[in-house]
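*Asks:* Once you've had a glance at the structure underneath, I'll fire off some questions.
The values are calculated or read from the model by the stated rules, or taken from the named source; none is laboratory data. A quick note: this is a predicted structure, and the numbers were derived from the prediction, not measured. Counting neighbours? That spans all protein chains shown, and the Cβs are built from the backbone with ideal geometry, glycine included. Just the protein is used for accessible areas: all its heavy atoms, side chains included, with ligands, DNA and RNA removed. Shrake-Rupley method; radii C 1.70, N 1.55, O 1.52, S 1.80 Å.
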Amino acid sequence: MATVILPARFNEWTGGADQVVVDARDVRQLIRALDERFPGLGERLRDGVAIAIDGEIINDPLFEPIEPDSEVHFLPAISGG
Amino acid sequence: MARKTHVQTTINGEQTEFLCHPHQSLSEVLRDELHMTGTKEGCTTGDCGACSVLLDGRLVCGCLVLAIEAEDTEITTIEGMASGEKLHPLQQKFLEHAALQCGICTPGFLIAAKALLEHNPDPTEHEVRYWLSGNLCRCTGYDKIVAAVLDAAQSMGGDTR
Amino acid sequence: MSESNGSDRKFKWVGTRPIRHDGVDKVTGRANYGADFDLPGMLHACMLRSPHAHARILRIDTSKALALEGVKAVITSDDIPELALTDASGPTNFSDLSRNVLARDKVLYHGHAVAAVAATSTRIAQEALALIEVEYEPLPHVLDLRAAMAPDAPILHDHMRTKGVDPTPDKASNIAAKMELSRGDVDQARAYADIIIEREFETATVHQGDIEPHACVAQTNEDGQTTVWASSQGHFMIRAYSARLLQLDISQIKVIPMEIGGGFGGKTTVYLEPIAIVLSRKTGRPVKAVMTRDEVFRATGPAPATLINVKFGANRDGKVVAAKCKLVYEAGAFPGSPVTAGAMCILAPFDLDHFLIEGYDVVVNKPKTAAYRAPGAPPAAFAAETVIDEIAHELEIDPLDLRRNNAVSKGSQAAYGPKFSDIGLLETLDALRAHPHYSAPLGENQGRGFAVGFWFNAGMQSSAEVKLNEDGTAIVIEGCPDIGGSRASMAIMAAEELGIDVYKVRPVVADTETVGINDTTGGSRVTFATGMAVIEASQEVVKQCCQRAASVWDIDPTDVIWQDGCAVATGDGAKKLEKEDKLVPMPIAEIAAGAARTGGPITGKASLNARGAGPAFAVHLVDVEVDRDTGKVEIVRYTTIQDAGRAIHPAYVEGQMQGGAAQGIGWALNEEYVYDADGVLANPGFLDYRMPVALDLPMIDTVIVEVPNPRHPYGVRGVGEVPIVPPIPAIANAIHDAIGIRMRKLPMSPPNVLAELVRASGGA
Ligand code: FES
Ligand code: FES
């Protein structure tokens, strides 16, 4: 079960939970699982959001694999100069 | 629109003629009429030095000289800096020192540096910086440009053609 | 891909300094930049720009302009599609972008494009501009962040509701968005603080200052097929954005990259290209558009002015235990300042468990901001790195000891979320202490300061192809515009993999139809991500070469390895060849020459969305001398230390470090947009927008630290952006060291420094 850390700005959907444990093998499954638990959150996580899996930031993730002991962070997407 | 004026001049040692409007700058004519786009334009107000050329051996901003002023003068542009297959030592040193990043300022710096070395074959770092202060480079922080010019001066040993 | 980062690999080309392959073109004036390209029958485009900072457009009459001899077309926003306000993908809102390219209904800043003319000469196009009649209803404008956030502020966008607040407000606001990042419990943690320092910082609007003004040529055929020649940081971006704005198929547009004369983030979006396309479509002729310097300042992406409040609580040992930060960044006329990045960066170098960061994205009547080298990070570092220095002084702890004590390292949880893997902050701080500059004596009125900078770095999409020529030389085709010598880095990486001389590799930046998609040159990503694609494509070539050799030798391909540019048989294959007396390596040239007989041309391709861009840290050390009579700050000595992961071409890594430092120095000491009471930019030229010249700077010393990035085959991490982050706070700390005054407002220009000196001496 991967640990997902959600930023405070998603409190509205998560009822204040900032850390949840989710069973998912890739990012798509993860978002689906989160959306089932917190309806409406999935859409928020799909656009303009980057993901860090075990410390590594990934833009536009969808099929990135998630290990059972992974730590997943949702971050705002950033672009550089 | 006013009629064009006929101008006869020497560019990089070659007799050249062109027609230009009275309002046109030398850099504009070099670039747009003669297709010598090695001379760049970063501002057209005399503030960046990208358009540096030599007019009768004098360093000028091509954007501040009227093209008709070129009549009966000798102009040196970046296109005339290398001779045949051989780069000018300044060009060579700019390459060796990685003194260019985007390279848009490079022709202007090379022309300005050439004028400097013709004038002062053995400049100090401060003199190089002072002389090149009419040329803006936003990429390099000038370090490698200054180093390249100093190194070129060394390698030329006073032979500044 | 190999997980090893090459830390034990012996490199032949990586780390050397070959002359860049495009160098001769650039020192002889042959290289063609955006404005250097012409086509027969070409028209010239000029833009009519708003004389008001904020006004409603009541009427535009272009008939007189159209009637002028030589004018071929005049367009306004009526000639481009109106997009839905919500037409966005990721952070880019295309409705806003469309309205920035050509104003619709309202002008939002002085210089906002209102109409465009195509004529047979620039002169005529300019004359035509004066004949376009525009009736405006001037509206009150707002330039200042505090004023823009005030309840009674003039509103730029009536439809705008602040995002990120709950519930969504029902009133329009100039605050486009609010964001928050937090961890732990700040208020509780404060109880452990022995010292609390809260400070307010203010920075000015600045510009990227790329020396080449924006320029392009567009040609549209009768069948709608368009070619654009443009200088930009990303020709695939130009293509995608233009297609989206004009509602064309992407396949209808081909973009050919010209050399780019500096970008720094300022060429990561479109301004002229869609306009040139529409004008060329209307006229059936090629159209060239080139901005003047004045237009570049007035209408292309500045970097935002900011207001930042930082409150740090630290214990007696100088360990920061809690932090609160509030960042307010101006977005310009449309939402989208880099406040998110600023908020994510501000505490990133600190090992810290309790914090709360708030960010506000605020629109004002200035040009829409664009990315500028490590967007958002320099003002954030200015605030955090000066406050940490102040804490060290208050507690009388050596600032470097204290800084190190608070530094993140492998395993630390970054303030923006994830845990850091291998990073080089501690190593750069140690290199700082070891540097002779750190302990050199100082003169009178001189002071020394240092500061840390952080930047994420990006990966993103890159594609590359490596083609083996018949004689064993190679072509590398990639699609990221080369702003600072990246072609040389690509060639080095290909040469390394292929085992051939770096000058036998020819790197090419190809157009949108010749190579797979490449994201924009930005985010310090090219050497990392495109480099990764080049390495993979080269490895594919090597693999094929080994297979070809195996088939010639009639041995198992797994018995062939690649060594120094040759296929070499091993194991059973080697034994077989030895028996046949044929055990000699097969050089790449021989394989290439025989390719026709062994299966045809040998090429390798790679397309990837690169992961694992290792974050970058830099430390800058500066000595300043302050003239107490004038307030002028002179940079006396400057040293930059940076973790590059692995420097592929060290000279160009140093160049990034030096160039970033110089830009940061300009930002710190001189550069600012100055507006008059009417909201008109008063200094839109290089004379009054004062960027550093050679005489303003000393030599800039560089120390490259290499803590390999575990996620790149050679250990590369991006180097381009982070060097602009530390200069501002480093200089502010040095000024304090010299004269005992904390500068918290940019620029630290003579009048501003003098005012502080006068105040400190009890003057008026
Ligand atoms: S173009 Fe002539 S000085 Fe800038
Ligand atoms: S190399 Fe880009 S401006 Fe000098």
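*Asks:* Regarding segment C:606-615, can at least one residue be identified that is more than 30 Å from C:Arg404 (Cα to Cα), assigned to a strand (DSSP E or B) and either without any contact (Cβ under 8 Å) to a residue 40 or more places away in the chain or touching a Pro at 6+ places or on another chain (Cβ under 7 Å) (or both)? First the steps, then the outcome.
*Replies:* Just the residues of segment C:606-615 that are more than 30 Å from C:Arg404 (Cα to Cα), to begin with: C:606-610.
Now drop any that are not assigned to a strand (DSSP E or B), which leaves C:606-610.
Those still in the list that are either without any contact (Cβ under 8 Å) to a residue 40 or more places away in the chain or touching a Pro at 6+ places or on another chain (Cβ under 7 Å) (or both) too: none.
No, the conditions are met nowhere in segment C:606-615.
*Asks:* Only residues in segment C:567-587 that are in the same structural domain as C:Lys543 (by TED's automatic domain parsing) count as the first member; pair them with residues that are assigned to a loop (DSSP other than H, G, I, E, B) and among the basic types (Lys, Arg), Cβ under 9 angstrom, at least 6 apart or cross-chain, and list the lot.
*Replies:* Every condition considered, the pairs that remain are C:Ala569/C:Lys582; C:Lys576/C:Lys582.
*Asks:* Moving on. Among the residues of segment B:5-33, how many are at pLDDT below 95 and touching a Cys at 6+ places or on another chain (Cβ under 6 Å)?
*Replies:* Counting residues in segment B:5-33 that are at pLDDT below 95 and touching a Cys at 6+ places or on another chain (Cβ under 6 Å) gives 0.
*Asks:* Just checking, how many residues over segment A:1-56 are within 14 Å of another protein chain (Cβ to nearest Cβ), part of a helix (DSSP H, G or I) and either without any contact (Cβ under 8 Å) to a residue 24 or more places away in the chain or open to solvent by 90 Å² or more (accessible area, probe 1.4 Å) (or both)?
*Replies:* The number of residues fulfilling the criteria is 7.
*Asks:* Please indicate, with yes or no, whether at least one residue in segment C:186-196 is buried (at least 17 other Cβ atoms within 10 Å of the Cβ), more than 22 Å from C:Ala682 (Cβ to Cβ), in contact (Cβ under 8 Å) with a residue 60 or more places away in the chain and within 13 Å of another protein chain (Cβ to nearest Cβ). Walk me through how you get there before you give the answer.
*Replies:* Quick first cut of segment C:186-196, residues buried (at least 17 other Cβ atoms within 10 Å of the Cβ) only: C:186, C:189, C:193.
Those left that are additionally more than 22 Å from C:Ala682 (Cβ to Cβ): C:186, C:189, C:193.
If we keep only those that are in contact (Cβ under 8 Å) with a residue 60 or more places away in the chain as well, we get C:186, C:189, C:193.
Within this subset, residues satisfying the condition of being within 13 Å of another protein chain (Cβ to nearest Cβ) are C:186.
Yes, that holds for at least one residue.
*Asks:* Would you be able to say whether some residue in segment C:119-137 is on the phi > 0 side of the Ramachandran plot and either surrounded by fewer than 19 Cβ atoms within 10 Å (Cβ to Cβ) or within 14 Å of chain A (Cβ to nearest Cβ) (or both)?
*Replies:* At the first step, the residues of segment C:119-137 found to be on the phi > 0 side of the Ramachandran plot are none.
No, that holds for no residue.
*Asks:* Among all residue pairs at least 6 apart or on different chains, which show Cβ distances below 8 Å where the first residue, located in segment C:413-426, is more than 7 Å from chain A (Cβ to nearest Cβ) and the second is part of a helix (DSSP H, G or I) and surrounded by fewer than 24 Cβ atoms within 10 Å (Cβ to Cβ)?
*Replies:* As it stands, the answer is C:Leu426/C:Arg404, since those pairs meet every condition given.
*Asks:* Is segment C:282-289 home to any residue that is within 16 Å of ligand 1 (Cβ to nearest atom) and either assigned to a strand (DSSP E or B) or open to solvent by 30 Å² or more (accessible area, probe 1.4 Å) (or both)?
*Replies:* Checked against the condition, which is being within 16 Å of ligand 1 (Cβ to nearest atom) and either assigned to a strand (DSSP E or B) or open to solvent by 30 Å² or more (accessible area, probe 1.4 Å) (or both), segment C:282-289 yields no hits at all.
*Asks:* Does any residue of segment B:6-21 turn out to be at the interface with another protein chain (Cβ under 9 Å from one of its Cβ atoms) and either within 15 Å of ligand 1 (Cβ to nearest atom) or on the phi < 0 side of the Ramachandran plot (or both)?
*Replies:* yes
Residues are listed down the side, and each one gets a yes or a no for (1) at pLDDT 95 or above; (2) open to solvent by less than 30 Å² (accessible area, probe 1.4 Å); (3) touching an Asp or Glu at 6+ places or on another chain (Cβ under 8 Å):
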{"site": "C:Met490", "(1), (2), (3)": "yes, yes, yes"}
{"site": "C:Asp501", "(1), (2), (3)": "yes, no, no"}
{"site": "C:Ile517", "(1), (2), (3)": "yes, no, no"}
{"site": "C:Gln539", "(1), (2), (3)": "yes, no, yes"}
{"site": "C:Trp553", "(1), (2), (3)": "yes, yes, no"}
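*Asks:* Please note which helices (runs of 4 or more DSSP H) are completely contained in segment B:66-161 and include at least 1 residues that are under 21 Å from B:Lys40 (Cβ atoms), touching a residue at least 40 places away in the same chain (Cβ under 8 Å) and away from ligand 1 (no atom under 16 Å from the Cβ).
*Replies:* Where helices (runs of 4 or more DSSP H) fall fully within segment B:66-161 and carry at least 1 residues being under 21 Å from B:Lys40 (Cβ atoms), touching a residue at least 40 places away in the same chain (Cβ under 8 Å) and away from ligand 1 (no atom under 16 Å from the Cβ), they are B:89-96, B:106-119, B:143-156.
Every residue, every condition in (1) of a type in the set (Phe, Trp, Tyr); (2) assigned to a loop (DSSP other than H, G, I, E, B); (3) buried (at least 19 other Cβ atoms within 10 Å of the Cβ); (4) away from chain B (no Cβ under 14 Å), yes or no:
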residue: C:Lys12; (1), (2), (3), (4): no, yes, no, yes
residue: C:Arg17; (1), (2), (3), (4): no, yes, no, no
residue: C:Ala31; (1), (2), (3), (4): no, yes, yes, no
residue: C:Arg59; (1), (2), (3), (4): no, no, no, yes
residue: C:Lys64; (1), (2), (3), (4): no, no, no, yes
residue: C:Ala84; (1), (2), (3), (4): no, yes, no, yes
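*Asks:* Which numbered condition in (1) in a loop (DSSP other than H, G, I, E, B); (2) of a type in the set (A, V, I, L, M); (3) more than 9 Å from chain B (Cβ to nearest Cβ); (4) open to solvent by 10 Å² or more (accessible area, probe 1.4 Å) is the only one that C:Leu687 fails?
*Replies:* (3)
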